[in-house]
Each structure stands twice: as C-alpha cells, then as structure tokens.
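One structure below.
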Amino acid sequence: MQQIYNPDERMNIELFLAARELPNLEFLSKSDPYLELYYSLQGEPEISLGKTETAECNLDPNWEKSFIIEYLPNLIQILRFQIFDENRMGREFMGEAQITIKDILQSKNSLISLPIKRFDKNAGQLLCKAVQMKQSNHFVQWQFSGSNIKNMDGIFGKSDPFLKFYLYSDNVWCQIHQTEFIKDDLNPTWKEFEISLQRLCLNDENKKFKIECLDRHEKGKNNQLIGSFETTIDEIFNKNKEEFSLVQPKGGQVGTIRIKNKKRIYRANFDDYIKQGTTFNLIIGIDYSTHNGVPSFPDSLHSYIDNNNKYGKVISDVAQVLEKYNQKKLFAIYGIGAEPHLTNYTLNTYQTLFPLTGDFQKPQVEGYQEVANLYKNTLKQIVVKGDFQIEDYINYIQTIAEANAGKLIYTICVIIAQGKITDAQIFQDLLIKGSKLPYSLIFVGMGKNDFTEVKRIIDKINNQQPPIRNNFTFYEYKEQTIQMLSKHLLNDIPQHLVSYKQ
C-alpha cells in the first residue's frame, strides 16, 4: 500500500511557558495571570492557539498548560503572547511579548527569556522552553497518597497539600501536571489521573521526573513547598518501587508519598490502525447554490468563462491531496443545491443532492485529474438554483458511515462551499448526533464569506457537555503549495480516526 500522509510524523514542538516579576495590578492581593497565545505565518492572518489556566495570586507563574505546534523550518512562524490579570470585572492587560519559533529552537537548550512590555514599559520576563514532541502510544494511570505530611500551618490548622509533576529537559524542569489540593489533611489521597510517557519523561523510562508536594494557601497565594523527590518509570514499574520520602530543600524527611494504584496503558495510533488494514472512502460534495454567483459571469466562483475558475482550482487541489488515502484513488463526487441536466441524469427541479457522474450506483471517478475533468465537463449542464441546503448530503454520508461501523472502512468527506448555509441548525444537530460514526468531515470554505455559521457550529460541538468526539474540520481555502494544503486539510484526520477507534 502506498504511503499515507500522517501529520504525526512531522516535527512538532511542545512549548512550556512561565513568567517572572509580572507587575501587580491588585491592591489587597496579587494578580491572577493567564496567557493567551497567537500564531501566524509571516504575511498571513493571526490565529489564536488558546490560553493557559489562571495562576492565582502569582507574579511568577509556571503555567501547566502547554502548546503543541508544528515546526516549519522554511517558514517564519511568529508567536505573540499576551498576559492578562483575571479579576471580578473581567480582565486587565499585564503585558505582551513576541518571538519566532526558530529563535526559540536556536537558543541554548531551546530556552529563551523575553522581555514583557506593557504600554512600552518593562513588565517582567517571559520564559519559553521548547521540547521536541514525538507520538506516544504509552500512558500510565495512577493514584497517589501521602502520609505524615509536615504541617506548615502551625497549631491552628493543617496543611492543604497538592502535588506538582515536572518533566526534565535540557537542564530545565517544566511543569506538566498538578493535582487538586486536599483541605486540612496530612494523610491525603489525590484523584487518579492519566499521563503519557512523552509528557512525563519524553518516552524514556530511565529519564527522571520530579514530584513536589506543596501546601496551598488562600487563593493560592504564597504556596509553600513542603518537599520533593525524583524518580523514573523504570524504578516505579520495573523495580516496583511504590513509596518515596519527601525531602525538604535543605534536607530532612517531611512525609511519605505512596502510589496506591498504577497501571500501564497502550493506545494504538494512526499507523497501527493502517497496519491493521483500515481503508478509506473518499467523497467530495460541491456547492452549486446561487450564493456562488451566476456561472456566465466572470466574477462567479463557478464561472465557465474562466477555464480554471476558483472551484475548479480548489477541487483539483483538494482531490490531489486526498487521493493518497485511497489505494485506487477513487472519489465519489456529488453536487449540492442545483438543477442537473446531465447526459444521463436530467431533472427540471432543484436537487439537494445528485451524483456528478449522473449515476447514483456509479458515483466514482479515478484520480484527481478525472475529478477536475468531471467538474469542468459538467459545469454547463448544471443550472445554479436555490440555497445551500446540506441536510441530504450529511444524511447520505452518515448512512454510509453507519453501514461501515465495525468494519475496517473509514470515510473522509469534503464539502467545498461558500459559507451561507440555509439549514445550519439541522447541520449542527446531525453532526452532534453522528459524532460516533466512522467518518471525518472537512468543510473547505470558498469566497469572501466570514463563515460565522461554520465557526459557531465548531464551537458548539467543542463545548458539548458531556464532551463528544469532534470529527468536523473547517479550512478557509487559500492558494498555496500542495504540501501546505496537505498540512491544513489533513491535520486532524489521524486524531479523528484514533478517537473513533478508541
């Protein structure tokens, strides 16, 4: 079988962040800072990569939240950091900094300290540490408890202990996990949790990691270190060590930490499922609604005056990227929202779904060039008519996916469309309902629409309670190399497949 594109094989970095000497914007306490990260390629619009957790009452935070970013050595990748103080009124700007990924990686130990500026004045330092990220199949699940933890609160109270975990990389300790705190308890038991070996020890079972036990004070202000210890996965699992002495920074035992429950977990990844024989269906749906413009006009996205109109270019590029997922390079091609007058399929009414081949029993063509030719050769046989209604296309895809549930067949579907969706609420409901089915849906946005509806649907899916699998990806098309299109278009497919299988 030919090589299948897998984003997990690319060079990803994990970015750990901390700040020092931030300005205090509070009067009776300390600021509660969090960081927002923005990313851009030089000359392209900036996007948000998310934000960290809020560090309560802390002007020297080590944020646990890290960011995984692909490193593209031939491009200028710009990172912009903004730090805010979270308060009752909302938030207040604390400062910002900017750097390229290449500059971080070229620094000693991939660690750099950046000046933070607040209205052109110095506002502390931002510490950025990059660690090369590799795919990990190995996880550990465990639960920790403590006994005889030193009381840091005197005779009027007891310590409120919690644990912090640190990865060791290039002589730098990076915080990777923090437990909940247990109120007034010198013999605490913390909740069970799971962590990957990549995050814990860079997949090296002999590489040490550190655990600190701290006493939490009110609002996290001036938390006190009780003690710490270092260990390895080899020591815990192969040598079966389950009890560790907490040692103060100046020496002396201040309690014991035990591992109550522990187990290793192996999770298959994308390559594992391919080796097991998983194959892919490829389906492309094309929006012919009136929102694209009249094809006889040169400004139409479907203009047949232009031999290589915008849809033609996108359809060819998308199919070229996708065909490596199917050994026979077969694509099923459908039109959405028009009146077809094809040689072997003619109707005088608006159709929400029709095969571009004119045959529902044989909707496939072979190779991206045939996909492009089919679109071009049938363009004048299709009457642009009506709104963009997507319900029938999604129902059709989900019917195919449901029929393949339990088989080694996964469906990759693409919608190439402008963003004005008539039945957006129905579309959203269908995506949520079908989130457990073996398919991925990629929406490739055309034209100058702001795609508000599509983005709102993604936000709605991501904020479902309880959380659900998200197998829906949006990409606003831009002219670029096939390699870059592959990166954007197929970035989420491996995770979609893995999340379905698990």
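Reported value for the stretch 378-502: 136 Å³ per residue, from the convex hull of its C-alpha atoms.
Over every Cα atom in the stretch 70-215, the radius of gyration and the widest Cα-Cα span, Dmax, amount to 19.3, 61 Å. In terms of packing, defined here as the mean over residues of other Cβ atoms within 10 angstrom, the peptides 24-34, 56-66 line up highest first as 56-66, 24-34.
Between the amide H of Glu26 and those of Ser31, distances stay under 5 Å, these residues lying 5 or more places away or on another chain, with hydrogens modeled in the peptide plane.
Geometric descriptor of the stretch 258-404, per residue, is 173 Å³ (volume of the convex hull of the Cα atoms). Loop-resident GluC sites (Glu not before Pro) (DSSP state other than H, G, I, E or B) in the stretch 395-502 with no more than 16 further Cβ atoms inside 10 Å of their Cβ: Glu479. Here the Karplus curve 6.51 cos²θ - 1.76 cosθ + 1.60, taken at θ = phi - 60°, turns the phi angles of the stretch 263-276 into couplings of 7, 8, 10, 10, 10, 5, 10, 4, 4, 4, 5, 5, 5, 6 Hz, with x standing for Gly and Pro.
In the stretch 33-89, taking the dipole from charged Cβ atoms about the Cα centre, the farthest positive-side position among Pro73, Thr54, Leu35 is held by Pro73. Solvent-accessible area assigned to carbon and sulfur over the stretch 253-331 amounts to 46 percent, based on a 1.4 Å probe. Per residue, the average separation of C-alpha pairs within less than 8 Å and at least 6 apart gives the chain a relative contact order of 10 percent. Phi angles across the stretch 70-83 convert, under the Karplus curve 6.51 cos²θ - 1.76 cosθ + 1.60 with θ = phi - 60°, into 3J(HN,Hα) values of 6, 8, 10, x, 8, 10, 8, 9, 9, 10, 10, 10, 10, 10 Hz, Gly and Pro given as x. Between Gln132 and Asp170, the contour length at 0.36 nm per residue exceeds the Cα-Cα span by 12.5 nm. Within the straight-line cut-off of under 27 Å between alpha carbons, the lysines reachable from Lys239 are Lys134, Lys164, Lys191, Lys207, Lys208, Lys210, Lys260, Lys262, Lys263, sequence neighbours fewer than 8 places apart in one chain being disregarded. With Cα atoms defining each centre, the stretch 19-92 and the stretch 338-359 are spaced 52 Å apart in the structure. When all alpha carbon pairs of the stretch 454-502 are counted in 5 Å bins from zero, the resulting P(r) reads 5, 18, 22, 22, 18, 10, 4, 1 %. Using a cutoff of 8 angstrom between alpha carbon atoms and counting only pairs six or more residues apart, the relative contact order for the stretch 275-351 works out to 33 percent. Here the accessible area of the stretch 343-502 is 48 percent carbon and sulfur, with a 1.4 angstrom probe and all protein chains present. Over all distinct Cα-Cα pairs of the stretch 394-444, the Kirkwood formula returns a hydrodynamic radius of 11.6 Å. Net length available on complete extension from Leu41 to Arg264 is 76.4 nm, with 0.36 nm assigned per residue and the Cα-Cα distance removed.
Amide H contacts for Gly335 (H built 1.01 Å from N in the peptide plane; partners 5 or more residues away or on another chain; cut-off under 5 Å): Ile286, Phe354, Leu356. Restricting the calculation to Cα atoms, the chain yields a radius of gyration followed by a Dmax of 27.1, 90 Å. Taking the alpha-carbon distance from Lys385 and a cut-off under 24 Å, which lysines remain once sequence neighbours fewer than 8 residues away in the same chain are dropped? Those lysines meeting the cut-off are Lys310, Lys313, Lys376, Lys420, Lys448.
Listed by chain and number, the lysines whose C-alpha is less than 18 Å from the C-alpha of Lys275, apart from same-chain residues fewer than 8 away, are Lys324, Lys328, Lys407, Lys501.
With r as the distance between the Cβ atoms of Glu205 and Glu242 and R0 = 25 Å, compute the FRET efficiency 1/(1 + (r/R0)^6) and round to 0.05. Between Glu242 and Glu205 the formula returns 0.95.
Excluding ligands, DNA and RNA, the accessible surface per residue across the stretch 1-115 is 51 Å² with a 1.4 Å probe. Normalised per residue, the accessible area of the stretch 271-359 is 40 Å², obtained with a 1.4 Å probe and no contribution from ligands, DNA or RNA. With R₀ set to 56 Å, the beta-carbon distance separating Gln276 from Ser113 gives a calculated FRET efficiency near 0.75. Once backbone amide H atoms are built at 1.01 Å from N, His177 has Phe165 as its partners under 5 Å, excluding neighbours fewer than 5 places away on the same chain.
The values are calculated or read from the model by the stated rules, or taken from the named source; none is laboratory data. Owing to the predicted nature of the structure, the values given are computational and were not obtained by experimental measurement. Please note: Cβ atoms are built from the backbone with ideal geometry, for glycine as well, and neighbour counts cover all protein chains shown. For accessibility, only protein heavy atoms count, side chains too; no ligands or nucleic acids. Shrake-Rupley method; radii C 1.70, N 1.55, O 1.52, S 1.80 Å.
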